[in-house]
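Written out below as structure tokens is the structure these notes cover.
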Amino acid sequence: MEKKSVAIVGGGLGGLTVGYRLAKNGYEVNIFEKEKDLGGLVASFQIEGHWLEKSYHHIFKTDRAIIGLIRELGLENKLEWQESKVGIYYNQRLYPFTTPMDLIRFEPLPIIDRIRMGLVGLLLQKDGRWQKYIEQTAEEWMKKYGGERGYKVVWEPLLKGKFHDWHDKVSMAWLWARIHTRGNSKDKDGKERLGYLRGGFGQMVKKLAEEITKAGGKIDTGEKVEEKELTNRYGTVISTRPGKGIDYLGAITMVFCSRQKLSNYYWHNINELGAPFLALIEHTNFVDKKDYGGKEIYYLGTYAPHNHKYFKMTDDEIEKEWFGYLKTMFKDFSREMVERSFIFRFKYAQHVVGTDYQRRLSGEKEEKNIHRLNFSQIFPEDRGMNYAVTRAEELAKRIIEKEKCSTG
Ligand SMILES: Cc1cc2nc3c(=O)[nH]c(=O)nc-3n(C[C@H](O)[C@H](O)[C@H](O)COP(=O)(O)OP(=O)(O)OC[C@H]3O[C@@H](n4cnc5c(N)ncnc54)[C@H](O)[C@@H]3O)c2cc1C
């Protein structure tokens, strides 16, 4: 058995980053990815000859670990920041929802609730003590402090759309993290700018894989493996597989390119209960459409439990339902203008972060020689590429230091 050999289960961003760092530090790295392509949740595909993520991706200014890695990989010149433009679709109308003034003008809520929501947002941005929110549900807390009406219009559709039957179990610490992190990622001018790697985050995946191979590492795709079968052959095993004892939702995305422009917003939250998708993303309101042959690129996306109809319906059936709803949102929407469309399903896309989450996580003990590096360990922040990179860097450091101690 090679002393410094490492097997990594999973070729998503977490597995690739830890593999890259260890390979660069003299370890013999072997990555096993069950799919034929690398990237996991940030895997890419080709649309009209251009690479694009199968699910919408951007980063925040506070995502320091991934920004650092982008720089290290020599991709910094491709990282661009654009002002975010958010809209809320509620009661068959689109409302701007980017700035504090947008909230003040948000007609679906009485002015008193708009002020209350604004104050609650500010409080959560300033308050860094997330631990105190763990045992309260987001529903209870938001209803109590943000008000019943604000909860119904703004938060309930988000929680139901994302967590379905678990929506009333979600910890307030999770919602705290979303509001706190986002609120603090604004530039000095008070504007939020989101980052995108022109040409796609797939370039990171590709570059990491190249660097691993260059450093003597091996990457096997289309290889589904079990950690236990690797422990005899490798000194260290790192698993990025879904966590044990954790509930997960899947995600379904539809990507289409069209000759038609529908909106001026980048991100549209669909705050109508019963809508078939949770978000509409007009990617080409964020990234220049020149990058996609002048076509508009859209994502529709939602989360769903594993027994949901979207995991049984055909792509055509989903497309029909979703385009039907899009037509109710935009009367001018024309199916004829859509040139290509793709449906993607991700089984393990979002972990359910209930008020008992920390107890559940602590049940996932590290076994001898097997390190766990799955995104369900990220708490209270929502899973995100930055955290995959952060945790991968931390784990690599731990492994390298332990090795140094035992040999030194
Ligand atoms: C719809 C959606 C939108 C998102 N948007 C953003 C965003 O805007 N910004 C952001 O920062 N993040 C976003 N994310 C989250 C981000 O994509 C993830 O946090 C990150 O990619 C997770 O990386 P990972 O390596 O931890 O996990 P994964 O990407 O899940 O990688 C795990 C890998 O392990 C493989 N695997 C599992 N079992 C086995 C096995 N037995 N053998 C071999 N291989 C196995 C899987 O196939 C997978 O490739 C989004 C996610 C989704 C679903």
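Here, each number is a calculation from the coordinates, and none is a lab measurement. Note that the structure is a prediction, hence the values are computed from the model and not measured. Glycine also receives a Cβ, built like all others from the backbone with ideal geometry; neighbour counts cover every protein chain displayed.
At-a-glance table
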read-out	value
Among (1) more than 30 Å from Asn369 (Cβ to Cβ); (2) touching a strand residue (DSSP E or B) at 6+ places or on another chain (Cβ under 7 Å) - the single one Leu230 does not satisfy	(1)
Residue match in segment 93-108 (condition: within 14 Å of the ligand (Cβ to nearest atom) and outside any loop (DSSP other than H, G, I, E, B))	no
Some residue of segment 124-142 being in contact (Cβ under 8 Å) with a residue 40 or more places away in the chain, within 23 Å of the chain's Cα centre (by Cα) and within 20 Å of Arg193 (Cβ to Cβ)	yes
Residue list for segment 143-159, filter: over 21 Å from Phe379 (Cβ atoms) and either touching a strand residue (DSSP E or B) at 6+ places or on another chain (Cβ under 6 Å) or touching a residue at least 40 places away in the same chain (Cβ under 8 Å) (or both)	Arg149, Gly150, Val153, Val154, Glu156, Pro157
Qualifying residue in segment 236-257 (condition: out of contact with any strand residue (DSSP E or B) (no Cβ under 6 Å at 6 or more places or on another chain), surrounded by fewer than 21 Cβ atoms within 10 Å (Cβ to Cβ) and among the hydroxyl-bearing types (Ser, Thr, Tyr))	no
Positions within segment 22-57 being near the ligand (Cβ under 9 Å from one of its atoms), among the aliphatic types (A, V, I, L, M) and outside any loop (DSSP other than H, G, I, E, B), in sequence order	Ile31, Leu41, Val42
